[in-house]
Amino acid sequence: MKILIVDDDPRLRELVSIASDRAGFDVSTAGDGATALIQAEQVSPDLIVLDIGLPELDGFEVFRRIRGRADVPILFLTARDEEIDRVLGLELGADDYVTKPFSPRELVARIRTILRRSQPSATAAADVFGPLRIDRARHSVHVDGAPVALTGTEFALLGQLMENPGQLCSRAQLVAGHWGPRSLVSDRTLDSHLRNLRLKLADAGVPEMLETVHGVGLRLRSGQA
């Protein structure tokens with residue numbers, strides 16, 4: 001698996017590179033946002049570790065540009081222990097974040113977890129519910145045969161709902177299933193991802209597929225009126 005590490009601190013890049021290399025990853029690095037965009041295009045990494053506080057082109061802008069052309073998992077690094085950074089990163093669609101200073105072992109563990117979520121088994125079967133088809137092996141979603149482009153988080157949330165289509169899934173279950181049972185992800189962050197998912201399904205012709213039962217949770221409908 002290929003990992004791109006983006007941080008303007010050369011010592012931190014070296015530290016994370018060594019830990020990732022020892023964990024068996026193929027590591028590339030970049031010290032600024034412009035180089036990161038070039039590396040992301042040339043290397044096609046399986047995951048990007050991205051510092052928010054980059055000079056000139058910050059991590060949020062790099063994230064937006066990369067996600068505009070590829071659905072690669074991204075883990076944010078931030079030197080500031082401020083909730084606004086974490087919330088904004090997760091609302092943009094980041095897969096996780098780590099606050100500096102951090103343990104390289106913890107970072108590698110987070111990377112492994114994200115890659116397990118985003119790289120399902122090649123033998124996983126496609127699930128079909130009404131006009132919706134989700135193929136976990138190919139990480140693809142189709143509605144009536146037409147592809148629907150989702151971020152990694154949107155795909156994971158939809159995948160959880162597809163495990164028991166038609167049955168209610170609580171908001172706590174959605175958060176725990178994607179971010180972990182001890183996650184502090186806010187309702188605002190979850191709502192942002194669900195809103196984007198609902199809009200994309202609506203654009204695909206199934207505006208009523210994602211149904212909210214207020215005070216209980218969410219479920220998938222067949223998409224038919």
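The values are calculated or read from the model by the stated rules, or taken from the named source; none is laboratory data. Everything quoted here is computed from the prediction, not taken from an experiment. Every residue, glycine among them, receives a Cβ derived from its backbone with ideal geometry; neighbour counts consider all protein chains shown. To get the accessible areas, we keep the full protein, side chains included, count just its heavy atoms, and leave off ligands, DNA and RNA. Shrake-Rupley method; radii C 1.70, N 1.55, O 1.52, S 1.80 Å.
Numbers below:
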read-out	value
Within the chain: Cβ-based charge dipole about Cα centre, in debye rounded to nearest 20 (Lys, Arg +1; Asp, Glu -1)	680 debye
Solvent-accessible area, 1.4 Å probe, carbon plus sulfur percent, for the range 127-220	49 percent
His139, His214, His193, ranked by accessible area, largest first (probe 1.4 Å)	His214, His139, His193
Gain upon complete extension [Ser183, Arg64; 0.36 nm per residue less C-alpha separation]	40.5 nm
Heavy-atom accessible area per residue - the chain, 1.4 Å, Å²	50 Å²
Normalised contact order of the range 2-118, rounded percent, pairs of Cα under 8 Å and 6 or more residues apart	24 percent
Sites Val213 and Ala137 - FRET efficiency at Förster radius 41 Å, r taken between beta-carbons, to 0.05	0.85
Rounded, prolate or oblate (a/c below 1.5 giving rounded, otherwise prolate when a/b exceeds b/c) for the range 1-116 by Cα gyration tensor	rounded
Theoretical FRET efficiency, 1/(1+(r/R0)^6), r = Cβ-Cβ of Arg116 and Leu15, R0 22 Å, to 0.05	0.40
Largest-first ellipsoid semi-axes for the range 127-220, taking √(5λ) over the Cα gyration tensor eigenvalues, angstrom	21, 14, 13
q = 0.08, 0.09, 0.17 Å⁻¹, the chain: log10 I(q)/I(0) [Debye, one scatterer per Cα]	-0.30, -0.37, -1.22
Helix-only mean residue ellipticity at 222 nm for the chain, each DSSP H run of n ≥ 4 adding -39500 (n - 2.57), per residue, nearest 500	-13000 deg cm²/dmol
